[in-house]
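I have a structure I would like to understand better, so I am pasting it below and will then ask my questions one at a time.
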Amino acid sequence: MNRVVHFEIHAKDLDKTQKFYQDVFGWEIIDHGQQMGNYRSIITGKDQPGSRWTGINGGITPRRGEGPKGGEPVNAYVCTIEVEDIDKTLEKIEKAGGTVAVDKMDLPGVGLLAYRKDPEGNIFGVLQPAKQ
């Protein structure tokens, strides 16, 4: 089976974007500097015993071209991050400068899901899995 193995977050302000994801999700982010095109590797953590899904790592890369504009439809893959407590995570997102893309919803058998935008306008999902 062909699996997604890496993701990238495009950002104009790399430092602000790095801080946002570190503050909200606690990810380890490594700045590779100018010699590597200012690319930053993201380590989201090791797979958790008992988690339904296995995770992937990614990076923050300088945005090329214009960023998303209000009212435009989503035109990229949206990554969803598994969280333990969606309400606490949504509070962290708001405090860190994120905004609402789609309100929290209950997906029977899946869990609680919400979509948010980071300060650069990138959409991502947060999911508190249903208890099994």
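Laboratory data are not the source of any read-out in this text; all were calculated from the coordinates shown. Just so you know, these numbers come straight off a predicted model, no measurement behind them. Positions of Cβ are backbone-derived with ideal geometry, glycine not excepted, and every protein chain shown enters the neighbour counts.
Just to be sure I understand the model, the point goes 7 Å from the Cα along the line to the Cβ. What's the resulting Asp13 to Ile43 distance in nm?
2.8
Could you name the lysines whose alpha carbon sits less than 27 Å from that of Lys19, not counting residues in the same chain fewer than 8 places away?
Answer for Lys19, where 27 Å is the Cα cut-off: Lys46, Lys69, Lys88, Lys92, Lys95, Lys104, Lys117, listed by chain and number.
Okay, next question. What longest region of the chain stays clear of GluC sites (Glu not before Pro) that DSSP places outside H, G, I, E and B and that have at most 10 other Cβ atoms within 10 Å? Can you show the working numbers first?
On the way: sites that count: Glu66, Glu84.
Longest site-free region, per DSSP loop and neighbour criteria: 1-65.
Moving on. Restricting the count to DSSP beta bridges whose residues both fall in the chain, what percent are antiparallel, rounded to a multiple of 5? Show your work: numbers first, answer last.
Values: 20 of 29 bridges.
Counting DSSP beta bridges with both partners in the chain, the antiparallel share is about 70 percent.
Longest span of the chain, sites excluded, free of trypsin sites (Lys or Arg not before Pro) in DSSP loop with at most 10 other C-beta atoms within 10 Å? Let's see the in-between values first.
On the way: sites that count: Arg3, Lys46, Arg64, Lys69, Lys131.
The answer is 70-130.
State, to one decimal in nm, how far the label point of Ile56 lies from the label point of His6, with both points 7 Å from Cα in the Cβ direction.
For the pair Ile56/His6, the computed spacing is 1.1 nm.
Take the alpha carbon atoms of the chain, find their radius of gyration, then divide it by 2.2 N^0.38 Å using N residues; give the quotient. Could you put the intermediate results ahead of the total?
Details: Rg = 14.9 Å, N = 132, 2.2 N^0.38 = 14.1 Å.
It is 1.06.
To the nearest 10 degrees, how steeply does helix 14-25 sit against the main Cα axis of the chain, on a 0 to 90 scale?
20
For the stretch 1-43, what does the convex hull of the Cα positions come to per residue, in cubic angstrom?
Working: hull volume 3.9 nm³, N = 43.
Residue-normalised Cα hull volume stands at 90 Å³.
For the chain, the longest stretch holding no chymotrypsin sites (Phe, Trp or Tyr not before Pro) located in a DSSP loop with at most 12 other Cβ atoms within 10 Å is which?
Maximal segment without exposed cleavage sites: 78-132.
Right, here's the next one. Between Asp103 and Gln34, what FRET efficiency follows from the Cβ-Cβ distance if R0 is 41 Å, with the result rounded to 0.05? Kindly include the intermediate steps, with their values, before the conclusion.
Values: r = 40 Å, r/R0 = 0.99.
Using R0 = 41 Å, I get an efficiency of 0.50.
Calculate how steeply helix 86-95 sits against the longest principal axis of the alpha-carbon atoms of the chain, using the helix alpha-carbon long axis, and give the answer as 0 to 90 degrees to the nearest 10.
30
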